[in-house]
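First the structure, in the form of structure tokens, and then the observations on it.
The values are calculated or read from the model by the stated rules, or taken from the named source; none is laboratory data. These numbers were taken from a predicted model, which means no experiment stands behind them. In this analysis, Cβ positions are derived from the backbone assuming ideal geometry, glycine residues included, and neighbour counts consider all displayed protein chains. The area values use the complete protein model at the heavy-atom level, side chains included, leaving out ligands, DNA and RNA. Shrake-Rupley method; radii C 1.70, N 1.55, O 1.52, S 1.80 Å.
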Amino acid sequence: MSAAPMPARSRKPARTRSPNPEATKQDIIAVATREFAQNGLSGARVDEIAAKTGSSKRMIYYYFGDKEGLYLAVLEEAYKKVRTDEAQLDLEHLPPAEALRRLVEFTFDHHHTSEGFIRLVMIENIHHGDYLARSKIIQDLNVSAIGELERIYRRGLAEGIFRRGLTAIDLHWQISALCFFNVSNRATFSQIFRVDLTSKKAVAALRGQVVDMVLRNVLKAP
């Protein structure tokens, strides 16, 4: 009598690696974004990123050179996404005050829902912007953002509704500062003053106040 066949050993299905190099790179960047945002440049581990993407350290180094190259790619992708989304607003077809309002609302909403982006910017500031300065991609992306604000401001001046004496850099700084602080400091601010700044009511109120502050600063006094 022949022996009964041994039961097949169950195997966990292996993660299928995409044959598309660009898809693989994007997968690595997506996981690396979460790791760098959570742990910073020094705390993130390439081994962990490789394990979570089903790739290898060798593959990551092949695509990005080293850990710092991967971090820079993450920064570039983060800025690329916000600027790409911003470009979809089609602001040139709106009156200047409404275009500025829409841009502020977009920036507030993006930052509110993108804590990872805020953390990456905070981490890069810890590094004095050294890695950001190496990227021509990020510099070019931000030039386009300033250009959009410049066009809105000039249209407002031409229509006589915006006051003179401001620059697009001024406006970008003010919008960024107000929207950024809402995310970067909400945990400490909430604890210190015992308020819940994450509730829908609080977020809606802050959003409206940020928009009003920017517009009041830019609109010509009646």
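Can you give the convex hull volume per residue for the Cα atoms of region 26-113, as a whole number of Å³? Don't skip to the end; give the middle numbers.
Values: hull volume 8.7 nm³, N = 88.
Value for region 26-113: 99 Å³ per residue.
If I take R0 = 45 Å and measure r between the Cβ atoms of Asp170 and Phe193 in this structure, what FRET efficiency does the formula 1/(1 + (r/R0)^6) give, to the nearest 0.05? List each step's numbers first, then the result.
On the way: r = 29 Å, r/R0 = 0.65.
That pair, Asp170 with Phe193, gives E of 0.95.
For region 117-222, compute the orientation-averaged projected area of the C-alpha convex hull (one quarter of its surface), in nm².
Numbers: hull surface 34.8 nm².
Result: a mean projected hull area of 8.7 nm².
Skipping prolines and chain starts, which residues have an amide H placed within reach, meaning under 5 Å, of the one on Phe162, given they are 5 or more residues away or on another chain?
For Phe162, whose amide H was placed from the backbone, the distant partners under 5 Å are Leu157, Lys220.
What translational diffusion coefficient, to the nearest whole µm²/s, does region 41-188 have by Stokes-Einstein, given a Kirkwood radius computed over alpha-carbon pairs, a temperature of 4 °C and 1.567 mPa s viscosity? Could you put the intermediate results ahead of the total?
Details: Rh = 17.2 Å.
Estimated via Stokes-Einstein, D reaches 75 µm²/s.
How far apart, in nm, are the 7 Å Cα→Cβ label points at Ile146 and Ala23?
3.9 nm
Could you give the dipole magnitude of region 104-154 about its Cα centre, charging the beta-carbon of Lys and Arg +1 and that of Asp and Glu -1, in debye to the nearest 20?
180 debye
Consider all pairwise Cα distances in region 113-173 and report the whole-number % of them above 15 Å.
Working: 1174 of 1830 pairs.
Of all Cα-Cα distances in region 113-173, 64 percent exceed 15 Å.
Can you tell me the orientation of helix 21-43 relative to the chain, as the angle in degrees between its alpha-carbon axis and the longest Cα principal axis, to the nearest 10?
It works out to around 70 degrees.
Once the whole set of protein chains is in place, how much accessible area is left on Met59, using a 1.4 Å probe, in Å² to the nearest 10?
The accessible area comes out at roughly 40 Å².
For region 64-128, treating each Cα as an identical point scatterer without solvent, what Debye log10 I(q)/I(0) comes out at q = 0.23, 0.30 1/Å?
-0.98, -1.26
How do Lys220, Lys80 stack up against each other in accessible area, from largest to smallest, with a 1.4 angstrom probe? Walk me through the numbers before you get to the answer.
Working: Lys220 110, Lys80 85 Å².
Largest to smallest exposure gives the sequence Lys220, Lys80.
Taking only DSSP H segments of four or more residues, each worth -39500 (n - 2.57), what value at 222 nm results for the chain once the sum is divided by all its residues, to the nearest 500 deg cm²/dmol? Display every interim value, and only then the final one.
Working: 11 runs with 161 residues, N = 222.
The helix contribution divided over the chain gives -23500 deg cm²/dmol.
Charges only on Cβ, +1 for Lys and Arg, -1 for Asp and Glu: so what's the dipole of the chain about the Cα centre, in debye to the nearest 20? Kindly include the intermediate steps, with their values, before the conclusion.
Numbers: 32 positive and 26 negative charges, 133 e Å.
The dipole of the chain has a size of about 640 debye.
Which of Ala221, Gln26, His110 sits farthest toward the positive end of the charge dipole of the chain, with +1 on the Cβ of Lys and Arg and -1 on the Cβ of Asp and Glu?
The one lying farthest along the dipole's positive direction is Gln26.
Structure shown: which of Lys25/Lys57; Lys25/Lys80; Lys52/Lys136 lie over 18 Å apart, alpha-carbon to alpha-carbon?
Numbers: Lys25/Lys57 13 Å; Lys25/Lys80 15 Å; Lys52/Lys136 29 Å.
Violating the 18 Å limit, Cα to Cα: Lys52/Lys136.
Residue by residue through region 134-141, which ³J(HN,Hα) values in whole Hz follow from phi under the Karplus form 6.51 cos²θ - 1.76 cosθ + 1.60 (θ = phi - 60°), with glycine and proline marked x?
So the Karplus estimates, Gly and Pro as x, are 7, 9, 5, 4, 5, 4, 5, 4 Hz.
Quick check: the distance between the Cα centres of region 137-177 and region 103-128, to the nearest angstrom?
Using only Cα atoms, the two centres lie 19 Å from each other.
Along region 82-97, what does the Karplus equation 6.51 cos²θ - 1.76 cosθ + 1.60 (θ = phi - 60°) give for ³J(HN,Hα), rounded to whole Hz, x for Gly and Pro?
Calculated HN-Hα couplings, in order: 5, 6, 5, 5, 5, 5, 7, 6, 6, 6, 5, 8, 9, x, x, 5 Hz.
Rank Ser55, Asn182, Tyr79 by how far each Cα sits towards the positive end of the charge dipole of the chain (+1 on Lys, Arg Cβ; -1 on Asp, Glu Cβ) and give me just the farthest.
Ser55
Through the Karplus equation 6.51 cos²θ - 1.76 cosθ + 1.60, θ set to phi - 60°, convert the phi angles of region 162-177 into ³J(HN,Hα) values in whole Hz; use x for Gly and Pro.
Computed from phi, the couplings for region 162-177 are 9, 7, 7, x, 10, 10, 4, 5, 4, 5, 5, 4, 5, 5, 4, 4 Hz.
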